[in-house]
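**Student:** Attaching a single structure in structure tokens format; questions to follow.
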Amino acid sequence: MAEAEPADEAATIADRVAHAARDQGLTIAVAESLTSGAIASRLGAAPDASSWFAGGVVAYASEVKFKVLDVVPGAVVSARCAAQMARGAARLMAADLAVAVTGVGGPGPVEGHPAGTVFLAVSSGSEEQVLEHRFDGSPQRVVELATLAALQALLSALEDAG
């Protein structure tokens, strides 16, 4: 049996996120840098998104992270930045949960991190999880895998909350 493509798997997981968020009466927000809106696009296409998906911020430029999401100026390819992005998105959109992604798509390193380095955070206000990943492949592949990892982390947080 062939392994599912990240895009197909992402759509399936987004559907599961939708059902869990709706069943629990929770709202979700996103803050994206590396993924440039791919996570929000997946969530927005999921069932009944208008009832649980608050929205997102694409903060590709460092200054947007600092000014809009209240990230403390400094390195933006870091666990600290991902966590602050998630908290900022949750605050901006009054969401119960937020997921954030920052990292290096490539082809070269950024801030001393090699291409494929991804930090993601899920924040629920009372709990926070930050993960670091290293993905191989083209910048497009890194974005696909980071999107999938973020959706999986969000689903895991929802399952833990339920």
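**Student:** Would you please give the residues with an amide H less than 5 Å from that of residue 57, counting only those at least 5 places away or on a separate chain, with H modeled from the backbone geometry?
**Tutor:** Placed amide hydrogens put 30, 31, 32 under 5 Å from residue 57.
**Student:** Once phi is turned into ³J(HN,Hα) by the Karplus curve 6.51 cos²θ - 1.76 cosθ + 1.60 with θ = phi - 60°, what whole-Hz value does each residue of region 150-158 show in order, with x for glycine and proline?
**Tutor:** The phi angles translate into 5, 5, 5, 5, 5, 4, 4, 5, 5 Hz.
**Student:** Right, here's the next one. So between residue 23 and residue 61, what do we pick up on full extension, going 0.36 nm a residue minus the alpha carbon distance? If you can, show how the numbers build up before the last one.
**Tutor:** Numbers: separation 38, 0.36 × 38 = 13.68 nm, distance 3.51 nm.
Between residue 23 and residue 61, full extension yields an extra 10.2 nm.
**Student:** Between (1) 38, 36, 30; (2) 44, 42, 23; (3) 45, 32, 26, which matches Cα extents along the principal axes in Å calculated for the structure shown?
**Tutor:** Checking each listed value against the structure points to (2).
**Student:** In sequence order, what are the phi-derived ³J(HN,Hα) couplings for region 106-111 according to the Karplus relation 6.51 cos²θ - 1.76 cosθ + 1.60 with θ = phi - 60°, rounded to whole Hz, with x for glycine and proline?
**Tutor:** Residue by residue, region 106-111 yields x, x, x, x, 9, 6 Hz.
Values quoted throughout were computed directly from the atomic coordinates according to the rules given, and no laboratory measurement underlies them. Note that the coordinates shown come from a computational prediction; the quantities given were computed from them, not determined experimentally.
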